[in-house]
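A.B. asks: Below you will find the structure I want to go over with you.
The numbers here are math on the coordinates, done by the rules we state, and not lab data. None of the values given here were measured: they were computed from a predicted structure. Ideal geometry is used to build each Cβ from the backbone, glycine not excepted, and the neighbour counts take in all protein chains shown.
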C-alpha cells in the first residue's frame with residue numbers, strides 16, 4: 001500500500017475546470033485509478049493510468065502522473081453539475097497471492113459544482 | 001460492460017438476525033471479489049478478498065465468523081453478516097476483478113445499506 005492522500009473538498013462553478021489532487025507513498029505502485037461515487041451508490045471506474053505513463057486523456061478527463069513526486073491529478077474540463085460526487089484516488093501494488101490487485105484508497109474528494 | 005450487481009440495496013432488520021448480501025458479476029468472470037465497508041464520509045475499508053473456490057482472506061480486525069464470505073462460482077460471491085448488531089450498520093460494497101494482467105481494474109456493485117435496529 002498504502003497511504004493515499006486527497007484533499008477532502010473542492011468547489012467549482014459550472015463550465016470551469018476541476019483539478020483533484022492525490023499523493024501516494026508506495027513507489028512500487030503499478031496502476032493508479034480514479035473512481036467516482038454518487039450518493040448512495042457504488043464506485044464507478046473513471047480512468048486509470050499505468051505508472052510508466054505521464055498523462056492520459058479521455059474526453060473531458062485528463063490524468064497527470066508525476067511518479068518522482070508520487071502525485072496524481074484528475075482534471076475535469078467543462079465541469080457540469082452532474083459531475084458533483086466524491087472522487088476516489090486508488091493505487092495498486094504488485095502484491096502476490098490474495099493481495100494481487102488489492103486497491104488502496106484515499107478518503108475521497110467531495111466535488112461540488114455550482115450552477 | 002463489466003457490470004456488478006449487488007442485492008439487496010437496502011436492508012433494515014432486527015438485532016440478532018443474519019443478513020446475506022449477494023454480489024454478481026453479470027458480464028465477466030470475477031475470479032477475485034472484494035468486500036468493503038464504508039462509514040459515512042469515509043473511504044472504503046477492505047474487509048476481505050475472496051478467490052473463487054478458495055477461503056476468503058480477511059483483513060486484520062475483521063471477524064471471519066461474523067462476516068461469512070462464500071465465493072462458490074466465478075460470478076457470485078455472498079457476504080453473510082451473522083447475528084447482526086447495531087454496530088454492524090454500515091454501507092457494504094463488493095467489487096469483482098477478472099483474471100488477467102495486473103491492470104485489470106475492480107468493478108463495483110452499487111452497495112448495500114444495512115441498518116440494524
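A.B. asks: Only residues of the stretch A:33-52 count here: report those whose backbone N is under 19 Å from the spot 7 Å along Cα→Cβ of residue A:7, or say none.
C.D. replies: In the stretch A:33-52, the label zone of residue A:7 (backbone N under 19 Å from the point 7 Å along Cα→Cβ) covers A:34-37.
A.B. asks: Roughly speaking, what is the centre-to-centre gap between the stretch A:1-63 and the stretch B:30-92 when only Cα atoms are used, to the nearest Å?
C.D. replies: First find each Cα centre; the distance between them is then 25 Å.
A.B. asks: Percentage of Cα-Cα pair distances in chain B greater than 26 Å, rounded to whole percent?
C.D. replies: The calculated P(r) of chain B puts 14 percent of pairs beyond 26 Å.
A.B. asks: Would you list A:4, B:3, B:19 from fewest to most Cβ contacts within 10 Å?
C.D. replies: Ascending Cβ contact count within 10 Å gives the list B:3, B:19, A:4.
A.B. asks: Okay, moving on. To the nearest whole percent, what portion of all C-alpha pairs in the stretch B:62-107 is separated by more than 13 angstrom?
C.D. replies: Taking all Cα-Cα pairs of the stretch B:62-107, the fraction more than 13 Å apart is 67 percent.
A.B. asks: Can I ask one more? Two decimals, Cα atoms only, Kirkwood Rh: what is Rg/Rh over the protein assembly as shown?
C.D. replies: Here Rg/Rh amounts to 0.97.
A.B. asks: Taking every Cα atom in the stretch A:28-91, find the radius of gyration and the maximum pairwise distance Dmax, and write them in Å.
C.D. replies: Spelled out, the Cα radius of gyration and Dmax of the stretch A:28-91 are 12.1, 36 Å.
A.B. asks: Using the count of nearby Cβ atoms within 10 Å as a rough guide to exposure, how do B:71, A:71, B:107 rank from fewest to most?
C.D. replies: Result, fewest neighbours first: A:71, B:107, B:71.
A.B. asks: Rounded if a/c is under 1.5, else prolate if a/b is larger than b/c, else oblate: which is chain A, with a ≥ b ≥ c the root eigenvalues of its Cα gyration tensor?
C.D. replies: Cα axes put chain A in the prolate bin.
A.B. asks: When only alpha-carbon atoms count, how far does the stretch B:1-41 stretch along each of its three principal axes, as whole angstroms with the largest first?
C.D. replies: Here the spans come out as 36, 24, 16 Å, largest first.
A.B. asks: Mind sorting A:18, B:54 by how few other Cβ atoms lie within 10 Å of their own Cβ, fewest first?
C.D. replies: Neighbour counts put them in this order, fewest first: B:54, A:18.
A.B. asks: Taking 10 °C and 1.306 mPa s as the conditions, I'd like the Stokes-Einstein D for the stretch A:1-64 in µm²/s, using the Kirkwood hydrodynamic radius from alpha carbon pairs.
C.D. replies: In µm²/s, the coefficient rounds to 117.
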